[in-house]
Structure formats: structure tokens, C-alpha cells
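Worksheet for the structure shown next.
The values are calculated or read from the model by the stated rules, or taken from the named source; none is laboratory data. No experiment lies behind these values; they were computed from the predicted model shown. We place every Cβ from the backbone using ideal geometry, glycine too, and count neighbours over all the protein chains shown. Areas reflect the complete protein model, heavy atoms only, side chains present, ligands, DNA and RNA absent. Shrake-Rupley method; radii C 1.70, N 1.55, O 1.52, S 1.80 Å.
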Amino acid sequence: MTGPTPHYSALALLRARLAGGGFWRPLWTGRLLKQAYDVVVVGAGGHGLATAFHLARDHGLKVAVLEKRLVGYGNVGRNTTIVRSNYLLPENHYFYEDSLRRWETLSKDLNYNVMYSPRGVVDLALSDGDMIGAARRGNAMRLAGIDCEMMDRAALDRFCPELVASRDRRFPIFGALVQHRGGTVRHDAVAWGYARAATALGVDIIEDCEVTGLRTAAGVATGVETVKGYVQANRVLFATAGHTGMIGTMLGVTLPIETHLLQAMVTEPIKPMLNTVLVYVHPGHGETYLLQSDKGGLVMGGYLDGFPSYTREGQWSRMEDVVQGAIAMLPQAAGVKIVRQWAGINDMTMDGSPIIDRLRYDNVFLNAGWCYGGFKTIPASGAACAKLVASGTAPDLIKAYRLSRFETGHMLDERGGGPFPVRL
Amino acid sequence: MTRLTCPFCGPRELREFEFHKTLPEPGSTPYARVYERVNRLDDSLEHWQHVQGCRGWLLVRRNPSSGAVLETVILGGGAQ
Ligand SMILES: Cc1cc2nc3c(=O)[nH]c(=O)nc-3n(C[C@H](O)[C@H](O)[C@H](O)COP(=O)(O)OP(=O)(O)OC[C@H]3O[C@@H](n4cnc5c(N)ncnc54)[C@H](O)[C@@H]3O)c2cc1C
Ligand SMILES: [Zn+2]
């Protein structure tokens, strides 16, 4: 890689067109691993890259991001791109809302279009009980200063005509809780945008560089062993999402994390049809979330597959559930063909909330436990986690995400389901 | 992985079964037994239930990286 990262703008586009090539260049490849860094970040997913960006920009540190495979190969490139802050518990309100606010300006901050699309997130209520649950969550949000709107069937028909909320269904729609600023963000662009911005600040992103061990001396970490050799580090951050359970095993810590598959699928592109994001738990088929990508494909997903797995192969039966759930709400989509299906490995914690804390050593940190909802939190997590790693003290925003909360009984269990990630 | 073989009912579709949790390390504290999970890449020892069959509790050894089922034992009834 040569020269500084060019600034992107309409003018730059024009200039690139006139220059006829030569303007565009690789954004982060070609860096060589140095001997030592202030911070080594393990994992070039959204959280690793965002934290590295803030460590360099806000704290002026020398950082490397070591990635086992490729930038964006993990869940940051596999998720269904939904962002929202419609949570129930206060600790989560402020954190997720901080993140949603950052999405609004991220394209500018990174000088990279991440395609934030505030098309709204519609949590459908399919029973009277669902309506009560939605109102409770909505009230909690509004008490925390987060906007949301309860809609009845008629309002939903106006907001999302294609849903035909008033249609006669076996499980009729009662209404919905809608967060208008929620929506989608192009997932790959988030990885690429942070990687590009971090590289421009001098961060070394090294791909094909699996971390295989941690070296310690006198009770502190001194560096990491990698397949490309040993790297010295004053501080180490693990942001390995689905592989965090294994990192625990590597460090001799058993974590409150179970490793589960979540799959998603997309149909062939069709004309614009669905103008928002639908989320619901169908009494017959379980959870479905459904949106239309900018390319026109209907993107959908549902529950976890249900048992520990590192295979990245989804179960057929779960795919059936998701599709049946989708068609129950949008029967007009029944003839559309599914063209791709994939799965990601998720780090499910015992209360469904993340962990951002020290891990065993004073200078080793963990950013994990993102479960199936950690895409939307990337901007907030990156900024807050960088503060923790740089200063050694967790900022207020993430104090509740400490690892010891399970032992002290301060779980953040949104679902109220107890320590079983797949029990519903 | 698409099927599990219940020692009592025979080979059945996976959706008949429900995963419960991985087995804790022997000698774990009560806290660890409830909240911590053993994560192994190639050899996972787990409790499952055949909820839509005989409802028996199973001890299943699996390789979570390949999906291979290594061993299935029905709990209780002297089989263990
Ligand atoms: C199908 C699916 C749909 C989802 N939908 C949504 C959604 O709509 N909204 C939402 O908010 N969230 C969603 N999520 C969750 C979200 O994608 C994840 O929580 C989040 O991306 C995880 O953080 P990350 O981006 O840092 O992880 P990843 O991108 O997985 O990054 C971790 C990286 O660490 C690397 N790594 C692991 N071990 C090592 C090692 N030893 N050495 C070096 N590198 C290593 C991995 O290769 C990987 O690249 C979804 C997840 C899936 C799978
Ligand atoms: Zn059986």
C-alpha cells in the first residue's frame, strides 16, 4: 500500500473517473506485522475494528488487529443488518441508544457510506399478551427518552401497506411497537469503513493471522503467539465473537458463554415491496425477522439452531420455520425463491447481554457475548471499549457489562429466561 | 448433523430432540454448574432430551466442529 488514504467525496469520484484508474487502491492489505504494539486486538470483526479505530483516533495508541481469516469473514459480514435501541432494561437503553445515535453520523465520521437506513423496526404483536408486552417495553423506552410508537391495526396498514395488518389471519395482528429511527445498515460497509479509517490512522490489520496463545510473565500478558510468530503487546483485547468460548479455554477461564449457530437467508431480488423491518414471534413457527435489502432480496432469520456448533451449517428445520413464519405474515412472497442461506457462530451469554471487561489478567480485555444482536452495538462498543483498554477504567456506559455480574447476581436478562440461551 | 439416534427409539430427526446444556467439569462450584459452559472444539459432552419421543434424557458426545455424533447414552435405567 502506498500513499495516504484518499478522501471520498463526489469530487473525488469525478477525479477518479478522469484519472482513469490509479485513484482506487487497496484499503488495508499489505501491512507487515511489527514486533511490538501498544495494543493487539484479536479479531477483525465489527467490534475489533471499531475498537482499534477509536484506540488510534481518540487515544493515539499503536494498534494491530490480528484476524484469523479475512476482514468481515465473521458475523459482521453474516448478520441481517438490523439496528435498533428498543430494549427493556435501563443498562441496555443507554448503551444501545448511544450506538443508534452514532449510526446516524457514522458515514461522515468514517468518510465511508455505511448506508444507514432508518426505515423503522416494527415489532408485531400477534396476541393480546404481545400487545401488553409491547406497551411495557415502549413505556420503559420512553421513560429513558427513547422514541417509539404503539400502532394499532389501522395505523400499521397506513405505515406498512404490504403487510395488510387487518387481513384475516389464523393468528391475527393486534398491533405493533415501532421504533422509527431503527432500520438497517450495510454490514460489509461497516467492516470496510472501520478497516479503512483505522488503516488511515496507522493501525496494522493483519489477515490470515490466527492467535494461538497468550504469553505471560509475572502475572501480566506480554504478547500473543500467532501463526505468523510472536507479537509483543502492552495490552491485548479479544474481540473474537463466536470463538470467545475457545479463547476462554485457551486462557484457562470457563466463561458464561455457549456457542450457537444462527442462520439467515435471502430470496432472489424482487421489486420494492417491504418498506420496513418486521420482527415477530409466530405462535406456530417461532421467531421471524424480515426485511428487503437494497438489492431487492427478502432477508430473513429467526431463532438459533439450538445446540453448540462451530460448523456454520444451518439446520434445514430452522430454515423451514423461518420461511413459514415469513409467509404467514407476507403470503404474497410465497412464490419467491431463496437463493442463499448461511450461518454464523454466536457467543451466547447466560443473560443475553454482552461482556466488556478485563479477562483474567490486568492487561487483557474481553469484548464479547454479543449473542445474535451485536451488529447494532458496534459504534458504541468501539468507543467505550477503547476507553476501557486505554485508561483501564470502564466508562459508565459499559459498567454493567462486567464479567463478574453472573457471580454477583446482577444479570441483565432482557428475556427473563434464565441461564439457557436457547430456552424460549 | 440431521439426526440423533435415541438408544430407546432409534434414529430420529433432530427436531424431535432438545439440547439442554453441556456438562460441567467434575468438581465445579454451584455457580459454575449454573452459569459457566465448557467450550470444546471437537469433543462436547451434553445433556439432551428426546422431547417429542420417549422423553428420555440423553447423554450425547458430539464434535461441534464437524457435527459428528460420537456417542449417545440414555440416562437412568442402568444404561449409564
Ligand atoms: C445470521 C446472523 C444474523 C444476525 N443479525 C443481526 C442483526 O440483524 N442485528 C444485530 O445487531 N446483530 C445481528 N447479528 C449479530 C452480530 O452479527 C454479531 O453479534 C456481531 O457481528 C459480533 O461481533 P463482531 O462483528 O466483532 O464479530 P465477527 O465479525 O464474528 O468477528 C470476530 C472475528 O474474530 C476472528 N477470530 C476468532 N478467533 C480468532 C483467533 N484465535 N485469532 C484471530 N482472529 C480470530 C474471527 O475470524 C472473526 O473475524 C447476527 C448474527 C448472525 C450470525
Ligand atoms: Zn427416545
Residue among A:Y230, B:F17, A:G286 farthest towards the positive dipole end of the protein assembly as shown, charges placed on Cβ
A:Y230
Taking only Cα atoms, what is the 0 to 90° angle, nearest 10, from helix A:187-200's long axis to the longest principal axis of chain A?
20 degrees
Out of all DSSP beta bridges with both ends in the protein assembly as shown, state the antiparallel percent to the nearest 5.
80 percent
Measure off, as a whole percent, the carbon and sulfur share of the 1.4 Å-probe accessible area of segment B:33-80, all protein chains present.
48 percent
Choose one of A:G314, A:G369, A:L397: the residue whose Cα lies farthest towards the positive end of the charge dipole of segment A:299-424 (beta-carbon charges +1 Lys, Arg; -1 Asp, Glu; about the Cα centre).
A:L397
Taking chain A, the equivalent ellipsoid from its C-alpha gyration tensor has semi-axes in Å, biggest first, of 36, 26, 20
Residues B:Y31 and A:S391, FRET efficiency given R0 of 22 Å [Cβ-Cβ distance, rounded to 0.05]:
0.15
For B:38-44, what's the mean count of beta carbons from other chains sitting within 10 Å of each residue's beta carbon?
6
So what is the 222 nm mean residue ellipticity for chain A from helices alone, if each DSSP H run of at least 4 adds -39500 (n - 2.57) and you divide by all residues, rounding to the nearest 500 deg cm²/dmol?
-9000 deg cm²/dmol
Taking amide H positions as placed 1.01 Å from N in the peptide plane, with prolines and chain starts having none, which residues 5 or more places from A:F238, or on another chain, fall under 5 Å of its amide H?
A:V42, A:F365, A:L366, A:N367
Residues of B:28-37, mean number of Cβ from any other protein chain within 10 Å of their own Cβ, rounded to a whole number?
5
Quick query: amide H of A:A125 versus all other amide H atoms, modeled in the peptide plane; which residues come in under 5 Å with a sequence gap of 5 or more or a different chain?
A:F174, A:G175, A:A176, A:L177
Please compute the average number of Cβ atoms from other chains found within 10 Å of each residue's Cβ in peptide A:251-261.
4
Expressed in nm to one decimal, what extension gain is obtained for the pair A:R167 and A:L14 from 0.36 nm per residue of sequence separation less their Cα-Cα distance?
50.1 nm
With no solvent and one point per C-alpha, what does the Debye sum give as log10 I(q)/I(0) for segment A:133-287 at q = 0.13, 0.14 Å⁻¹?
-0.93, -0.99
Take the residue pairs A:K34/A:K399; A:K228/B:K21; A:K387/B:K21; A:K108/A:K271; A:K108/A:K387; A:K108/A:K376 and return only those whose Cα atoms are more than 24 Å apart.
A:K34/A:K399; A:K228/B:K21; A:K387/B:K21; A:K108/A:K271
Could you tell me which of A:H59, A:T199, A:F159 has its Cα farthest along the dipole of the protein assembly as shown towards the positive end, charges placed at Cβ (Lys, Arg +1; Asp, Glu -1), taken about the Cα centre?
A:T199
For segment B:3-77, size of Cβ-based charge dipole, Lys and Arg +1, Asp and Glu -1, in debye
140 debye
As a Kirkwood estimate from alpha-carbon pairs, chain B has a hydrodynamic radius in angstrom of 13.2 Å
Assign unit charges at the C-beta atoms only (+1 for Lys and Arg, -1 for Asp and Glu), then state the dipole size of segment A:59-141 relative to its Cα centre in Debye, rounded to the nearest 20.
400 debye
So what's the angle, to the nearest 10 degrees on a 0 to 90 scale, between helix A:316-329 and the longest Cα principal axis of chain A?
50 degrees
Starting with the highest mean, order A:339-347, A:414-422 by the number of other Cβ atoms within 10 Å, averaged over the residues of each peptide.
A:339-347, A:414-422
